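Notes to accompany the following structure.
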Amino acid sequence: MVPITTPDLILFTIHAALKASHSIKKGIADGIRQKSIVLPLPDFDAMVRETTIEFYFQKEGKKYVSQIPDLQKLQEKAQTSILNPSEIKRYRAYYNAFKKNEFDATSIISYFSIKNLHREGNPPSLLSLIAGNLVSTGIEFYQFFPEKIHPNHFTSKALIGFMQGLDQIPFSEGNFDQKALAEAFFPNLFVGISEWVEQSEASIKWHPKTTQFVQEVTKGIGEELLADPTSEKSRWGPLLFQSFLSNASTYLQTNTEDKLVKELAGLTLSLLEEKTILSPSGLDHIIRSTLSFSGQVLHDHPTVSPKLKNWLADLFKKLSKNPIFHPALLPQVIGTILETGGTSLAEKWKQSPRATRDFLIAFFESNGQLIKNIPKDGWPQKEDFLKIIQKGLLHGLSLSSTLSNKELTEALLTFQNDSKGSEASIYPMWSISLDAMQHYQMHFNQAMPGYVFQTLFQYWLSFESLFWVMPKQKSKAFIKTLCQYYYNEIYAHSPIEEGKCREIMEKITQFMLAQQQPFTMKSPHEIIKQLEIQ
Amino acid sequence: MKTYTTILGFLLLTACGGFKELQNAQDHFSKAASIELQNQFDPQNISLDHPDNWYQLAYSNVKKALQNTPSLERDSLLGMAYSLKALCEWKLQKYQLAEISRKAALNRIKTANRNYALMTALPDLIHMDVTTAALKQTFLNINPQGEQIIHFFQTYFPEGKQWKHIKNAMLQTPDEKATLIYLVQAQLSGLKGWSDALDGLKQYMDAGNSYPLILREIFANQYQQYLEEKGTVMDFLRQDPSLVELFNYWNTLLL
């Protein structure tokens, strides 16, 4: 930047500043001029008077009078004298019962929020409602960084997308909850975007469609939020928005249609209705994986977005109601499914969304038995659990390529009903894992360091290809033997430090895999001897 | 750049001070009105928050905004500011000040918009409040005198002269539906006062008091005029299916 050193430049700077100041001021002034205000009525008493009731029963409500002796008596008295308080009470009750009184106070009050000027034709938008707030917020935020609101700066592009999105959100001007929320929420969102861009400036790769992406996300969040303006979703809005922006490139690289983004933004926000306990990382995981998965599905089938959105909503809903998941884990489970499944899942979805959903549901229900057996005091950690899901899902998907969806679903559901039944062998990883858990629990007490379990599990996954072709009974024998080896060796060296433990287990595992037929070995000590573990 | 931004920041901070006060005044006024409407239309759920506190706050905001009159004038916001001031003064029962502000607003509003209609109608809105206060004073009196009642009707419901300001405002804003609906409802509020006054008169006569015979005549005449006025206003609601709730509400309440 050239330093200001000459009178001309100084004058130019002042002129430019005045011009900018004028434009911004004009924006605020327009916002104020057009803003709706609620107009009060003159004072009036909302109580129905006796004469009103009397005249009603003289004319429209005459037919009721002859049917009810008490009312008849009251009506006769009201016409010639005044009623006592008890009679007035009954008289009003009859009126309220017979006179159609169909109105809703909240709805009526909505008629009193009135703009100073109306745009012909178009319904009012959120943007027009909160333009003044946005401008004043923008001034506060950017008054010392005006270069960021240059049209070519991506801050400016993000904000344009945001405001274009706002401009397309219809809303009821008279709904005070919506108005209050909008006026409080969207300027905050504006600040949220600005802060995010500022923090991520160095790492952002601006895609030509990003402005539209931001626009659709804004619409999705805005519409979902305003549909239920009293909810706590507003707390999540800025975070959700930032997460979408952060993961935009995941989607933009593959997708050919943008409207789904809006649906996904709304859908993600609606997950909060399920009372899911979301953490920022969980939310981010869902968004990243959903965008990635949707991008893959839509890459070849750009027109299926409504179907996909409904599918995701259905899946989220069903999984969130599954009692085997701790709610705090659900977002990451969903994220893991969609990320791990990747192309295979997307392909499967393209063939049959319904069967894919059924497969996933059955997959998780079948794992319920395993999860129930996991000790509550620490293992497996969340990461281990997600690894189980990843591995299992990949196997499930590979199986599903050879079995029909119906066969697979039936098999998995059978496994759910009887996890030790012969049908369970169709899904050996999980069946055997269940057995393994039982063995571990028998052999290792809870004083066993956590890393032993983690290491066990890590190596356990190495066996999956072996288990895959192994009859169930042999698998169980294998597990039993292996567990004994681990148990004997680890305790033989107890106390043992972590590195040594891992080393021992790795050797045993490799040896077992190399043997191919470990089931014939009768003595663990014999193997240990061969391994020469010292 | 630093110089530029400093200048810009300075200009904005100094120039927009009045705007912020005006925005606050709008928000506080809306808040007050919302509470008041809630109390009027849903008396079972009276708010503990008193609308006058918010009207007072809005009034204070708009007076501060008006300390920066040249800036408001340059941005054509002076009419808005005076309108809001007049509305606050109406609700805070500072009727004489409201009239001064109203005239100031009308002098500066250049188009027939919501504010213009409101300022045109304001004398009637104020008159309705004054009428309601007088109504309570006249009929809540334990032993109202016939002369007092006669005086009340002659003063507040003179024959053929109801709400000319509101009607004038409606003629000037024929395309502003939301504003028209508001003005119709303002008339209905006034009609409710009239309806209550007729009820008070009838109750007075039915109570067995000895009263001047002219009261019967007053009742008959006033009731007839009331029905004509009510018919016109209710027709406005009846003709628009989207206003059925409003129609039902007032139809239940009015004589």
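Numbers at a glance
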| read-out | value |
| --- | --- |
| Segment B:109-152: trypsin sites (Lys or Arg not before Pro) in DSSP coil with no more than 11 other Cβ atoms inside 10 Å | B:K110 |
| Model label zone, B:I100; criterion: amide N under 18 Å from point 7 Å along Cα-to-beta-carbon; scope segment B:106-121 | B:106-108 |
| Accessible surface of segment B:4-110 [probe 1.4 Å, protein heavy atoms]: carbon and sulfur percent | 52 percent |
| Summed buried accessible surface, chains B and A, 1.4 Å probe, nearest 100 Å² | 6800 Å² |
| Across A:K219/B:K20; A:K59/B:K202; A:K219/B:K110; B:K136/B:K177, pairs whose alpha-carbon gap is larger than 25 Å | A:K219/B:K20; A:K219/B:K110; B:K136/B:K177 |
| Per residue accessible area in Å² of chain B, where ligands, DNA and RNA are left out and the probe is 1.4 Å | 44 Å² |
| Solution diffusion estimate, µm²/s, Stokes-Einstein, chain B, Kirkwood Rh from C-alpha pairs, 20 °C, viscosity 1.002 mPa s | 105 µm²/s |
| Of A:K35/B:K161; A:K233/A:K348; A:K62/B:K192, pairs whose Cα-Cα distance is over 27 Å | A:K35/B:K161; A:K233/A:K348 |
| Separation in nanometres of the label points that stand 7 Å from Cα toward Cβ, at B:S210 and A:N310 | 8.2 nm |
| Percent carbon-and-sulfur accessible area, segment B:118-253, ignoring ligands, DNA and RNA, probe 1.4 Å | 54 percent |
| Contact order relative to length of segment A:35-101, as percent, for alpha carbon pairs under 8 angstrom and 6 or more apart | 33 percent |
| Separation in nanometres of the label points that stand 7 Å from Cα toward Cβ, at B:V244 and B:N107 | 4.9 nm |
| Binned Cα-Cα distance frequencies in segment B:4-110 - 10 Å width, integer % | 16, 39, 28, 13, 4, 0 |
| Environment charge at A:E87 (Cβ cut-off 9 Å; Lys +1, Arg +1, Asp -1, Glu -1) | +4 |
| Cα coordinate range in segment B:157-232, projected on the principal axes (Å, largest first) | 51, 18, 17 |
| Alpha carbon Rg of segment B:118-253, scaled by the compact-globule rule 2.2 N^0.38 Å | 1.12 |
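The values are calculated or read from the model by the stated rules, or taken from the named source; none is laboratory data. Remember, predicted model here, so these are calculated numbers, not experimental data. In this analysis, Cβ positions are derived from the backbone assuming ideal geometry, glycine residues included, and neighbour counts consider all displayed protein chains. Just the protein is used for accessible areas: all its heavy atoms, side chains included, with ligands, DNA and RNA removed. Shrake-Rupley method; radii C 1.70, N 1.55, O 1.52, S 1.80 Å.
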